[in-house]
Amino acid sequence: MTPDVVFLIPILGICVGMVAVVGGVIVRPWLAYKERRLVIEATMVAEKAAQYAAHTERLEQRVQVLERIITDRGVDLSLEIERLRDTNLN
């Protein structure tokens, strides 16, 4: 090995160590921050989905009530129309 290469080996070793320290000091907290942020966002999305599901369920119940009113009232309504026709014919 030439003296120039021998001199670079310790410098490269120190640089690798510095990169590892900087990575541990900067990257690890940044990743922890990102993870906390994703957990919070996932919680918010889950809550919003639960709200939408509850709202959808309430709307479905209201539609069922309206359908029941229409179908139950439909028979009575047709009978009343027939009675009115009979009354008008007499």
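The values are calculated or read from the model by the stated rules, or taken from the named source; none is laboratory data. Just so you know, these numbers come straight off a predicted model, no measurement behind them. Reconstructed Cβ throughout: ideal geometry from the backbone, glycine too, with neighbour counts over all protein chains shown. Side chains are part of the model used for accessible areas, which takes the heavy atoms of the whole protein and leaves out ligands, DNA and RNA. Shrake-Rupley method; radii C 1.70, N 1.55, O 1.52, S 1.80 Å.
Label-to-label distance for residue 36 and residue 7 is 4.7 nm, based on points extended 7 Å past Cα in the beta-carbon direction. Segment residue 16..residue 65, full-extension length gain: 10.6 nm, with 0.36 nm per residue of separation and the alpha-carbon distance subtracted. The string of couplings for region 4-17 from the Karplus curve (6.51, -1.76, 1.60, θ = phi - 60°) is 5, 5, 4, 5, 6, 4, x, 5, 5, x, 5, 5, 4, x Hz, one whole number per residue in order, with x for Gly and Pro. Which option, [x] 9.1; [y] 12.3; [z] 5.5, is the value of mean projected area of the Cα convex hull in nm² that was calculated from these coordinates? Entry [y]. The residues of the chain expose, per residue, 94 Å² of accessible area to a 1.4 Å probe.
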